[in-house]
Every structure is written in C-alpha cells, then in structure tokens.
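Here, each number is a calculation from the coordinates, and none is a lab measurement. Model, not experiment: these values are computed from the prediction. Here the Cβ positions follow ideal geometry from the backbone for every residue, glycine too, while neighbour counts run over all protein chains shown.
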Amino acid sequence: MRIGIPRESKQGERRVGLDIAAVAALAREGHEVRVASEAGLGIGATDDAYRAAGATVVDPERAWQAELVVKVKEIQPGEWTSLARDSALFSFQHLVGEPALAREVADRGVTAIAYEMVRDTGGGFPLLAPMSVIAGRLAIQVGAQLLTLPAGGNGTLLAGCPGAEPAIVLVLGGGHAGSSAAGLAAAMGAKVTLLTRSAATRDAVAARLGPVVATGLATPEAIERHALAADLVVGAVFVPGAPTPRLLRRALVARMKPGSVIVDVSIDAGGVAETSRPTTHANPTYVEEGVVHYCVANMPAAVARAGSAALSAAALPFVQAMAGKGIARALRDDPGLRAGVLLWRGRFTHADIAAEAGRPFAALSQEELA
C-alpha cells in the first residue's frame, strides 16, 4: 500500500505521524511510504534518515497522494483540499463541533478514522492513552511554572517548602490524563484532589494512586468547594465523541483565588471551563476573571520527540493491519479499529457528528466491509 506522512501544519505542532522506526517496519513489509520533506525535523529526523529507513521523501503536496494518510493532528484549514479523493485518513480527527470541516472532508469521499475513538479489547483508547499521559504530566509542569509571579500566578510553590504550604491542586477527570496529572502533582508534594463522574473510576484511581491523592465524585457542590480552594485546576474530562461538559461556569471561575491557574487539557473538545478558549504554544496563556488559563490544544507537541515515539508505537500495529490486509478487511477484522470510523467513503458513520453537520447517519456494518 502507498502510505503518506505529510508535514503537520497546526501552529506549534512539531510531532510527525510516524517516526523512523515505524517507517522502517512498513518498508520492510514492502509498502511505499511517502514522507513529506522536512516532516520529521521537529523530532530531529532528517530526510536522509527517512530515506535510509526505506521511505521516499517527496514534496509536501505529494505526501497526501496516498491510499492511507497517517498524521498527528486534525485536518487544518487548507489541508482538506490536499486529501486524495477516496483515500483514508488516520489521525486525531476532532470533528466534534466542526460541522463545516466534517462536510468538506466527507464531500471528498474520504474515510476518516479517529485516533481518539479507536478501542482496544478492554474498551480502552490505545491511541489516545499515551498522548493523554503526556498531556496530564505536562499539565503539572506547566501549572507549576504558571503559579509563579513572573508568569502571572499567585506566587505559590507547587511542592511547598519549610514554612509554606504546598499548592492545592484539583484534577477534574480520572482517565489517563487526570490520573497522570494527579500522580505527578502528588509526587511533587502538592495537596491533590481528583474528582470523577463515576464511583467505579473514583475507586480505580484511589486504588492506583493511594492515599496521597484524595478522590471523590464530581458533584456540583464538590467541584465548587474544591475549585474555590485550589491554586491549580487541571481539566482532564473526556467524553468519547461528544463535547466536554462545562464543569466550571464563569461565575465560579470569577470566585476562584486571584492568580490561580486552570490548565484545560480537555480544550480539544471544548474544555471544562466556560472561560476556556483554545490557545497555541506561541501564545499559550491569557487571564480571564483573574485566573491564568492555559488551553493549548496540542500540548504533547511541546515534547515532540517523546510524543512522536509514543504515538508511532501505538499506531503502527493498526497501520500495518490496514496496509497488509487492505482497509476494509482490517476494519472488518478489528471492531476496535472499526469504532474509530467517523466517515466511511464520505458517509457519516458517527451519529452525533452527522447531526452536527446536518447530514444523514448510517452505521458501518461488517457486511459492507466483506
């Protein structure tokens, strides 16, 4: 199969769809891998290194001309016109809340398979998980810096020190991002509370992290109480295929400590705070209602080497299956991969995204993949 690896064009995005090791594995299996020139520079992977791994390095436009395009971030303005008609796109899609983009991609007859919706045999999200872990850990690193006075924070040291209490951290969400954030914050010495929507998730997080993290249910009363006490709030709520619930209303944010910080990992799907809006690595923060907000939609791009390696390792088995079997058969054989299909040859196969786009919905069946 011909596989294309384009350059990422999202502002501040330095990751690459597949790293050198993944490309070498596909080349050994006889596939033609087209890598856009300079696509790997953000992780220190030169064009010559990709050539040595068996790739064909092409001009950026030709990388899109493939049966299967593998990239990191969702289609950006201007990119969708480069997609070959009837091709397949395997990446983070984030089409929730983007009806115009969804219609444009669909009208090219594209099959869109979303990293954030692919499942494993246990019901987890194997492509989202490594990026969520990175984002959760970065949320604490970033939050600790933003609490300093030069960064606009209230001058609290996350870990505390003799004579000064540590920062109070509230984490909303108990998935990979939330539990990773809570674990790192606790390890750094902060006083941490994690709130989650379900008792089962709460109990699982409590068992995994132990007594260093207080856990509870994300009731409106609990959210209000802990948010008002917090120096740092991490939003890490994920609802598959749906917008993030706004757990922090503007009126509540306005009552938070002046100079406190919100790091909204959930911003790709709207964010947990009513005051959240997407930012970039170039301009990552703003102050709203006296609270510092960090809402960068592609946080793992800040550590592009780690992010690309982790994402490539997770994506490679799925790419190998689609390239080796053909996309239809790979989807038929793997219900977890099939769960990631938002568009099938231009047809909307995700009900909520279809409704947003004002297009008909029709589920993807195994029979039509035969």
message = Under the rule of at least 5 residues apart or a separate chain, name every residue whose amide H is placed under 5 Å from the amide H of Val171.
response = Thr193, Leu194, Leu195, Val234
ask   = Going by a ≥ b ≥ c, the root eigenvalues of the Cα gyration tensor, does the stretch 89-246 fall in the rounded group (a/c under 1.5), the prolate group (a/b larger than b/c) or the oblate group?
value = prolate
message = Check which residues have an amide H placed less than 5 Å from Val341's amide H, if you skip close sequence neighbours.
response = Ala114
ask   = For the stretch 57-106, what are the per-bin percents of Cα-Cα distances with bins 5 Å wide, up to the bin holding the maximum?
value = 4, 20, 32, 28, 11, 3, 1
remark   = Met322 neighbourhood, Cβ < 13 Å, K/R = +1, D/E = -1, net charge +1
Loop-located GluC sites (Glu not before Pro) in the stretch 47-112, at most 11 other Cβ atoms within 10 Å (DSSP) = Glu61
note = Expected vector for the stretch 179-192, Karplus 3J(HN,Hα) from phi with 6.51, -1.76, 1.60 and θ = phi - 60°, integer Hz, x for Gly and Pro, equals 5, 5, 5, 4, x, 5, 4, 5, 5, 7, x, 6, 8, 10
ask   = If we count every other residue with Cβ under 14 angstrom of Thr121's Cβ, Lys/Arg +1 and Asp/Glu -1, where does the sum land?
value = -1
query = Could you name the lysines in cross-link range of Lys257, using Cα to Cα under 18 Å and dropping any fewer than eight places away on the same chain?
reply = Lys191
key: Theoretical FRET efficiency, 1/(1+(r/R0)^6), r = Cβ-Cβ of Leu149 and Tyr286, R0 25 Å, to 0.05   = 0.90
task = For the stretch 136-297, give the magnitude of the charge dipole about the Cα centre (Cβ charges: +1 Lys/Arg, -1 Asp/Glu; no others), in debye to the nearest 20.
result = 140 debye
ask   = Cβ under 13 Å from Gly241's Cβ, Gly241 left aside: what net charge do those residues give with Lys, Arg +1 and Asp, Glu -1?
value = -4
task = Specify the inter-centroid distance of the stretch 288-326 and the stretch 4-77, based on alpha-carbon positions, in whole Å.
result = 14 Å
ask   = Given +1 on the Cβ of Lys and Arg, -1 on the Cβ of Asp and Glu, and no further charges, what dipole in debye does the stretch 222-370 carry about its Cα centre, rounded to the nearest 20?
value = 140 debye
query = In whole Hz, what ³J(HN,Hα) sequence does the stretch 216-231 give by Karplus (6.51, -1.76, 1.60; θ = phi - 60°), x for Gly and Pro?
reply = x, 8, 7, 7, x, 5, 5, 4, 4, 4, 6, 5, 5, 8, 7, 8
query = Hey, what number do you get for the chain at 222 nm if only DSSP H runs of n ≥ 4 count, each worth -39500 (n - 2.57), divided across all residues, to the nearest 500?
reply = -9500 deg cm²/dmol
ask   = Once amide H atoms are built 1.01 Å from N in the peptide plane, which residues 5 or more positions from Gln93, or in another chain, come under 5 Å H to H?
value = Tyr115, Glu116
request  = Step through the residues of the stretch 133-141 one at a time and calculate ³J(HN,Hα) from phi using the Karplus curve (6.51 cos²θ - 1.76 cosθ + 1.60, θ = phi - 60°), rounding each to whole Hz and writing x for Gly and Pro.
outcome  = 4, 4, 4, x, 5, 5, 4, 6, 4
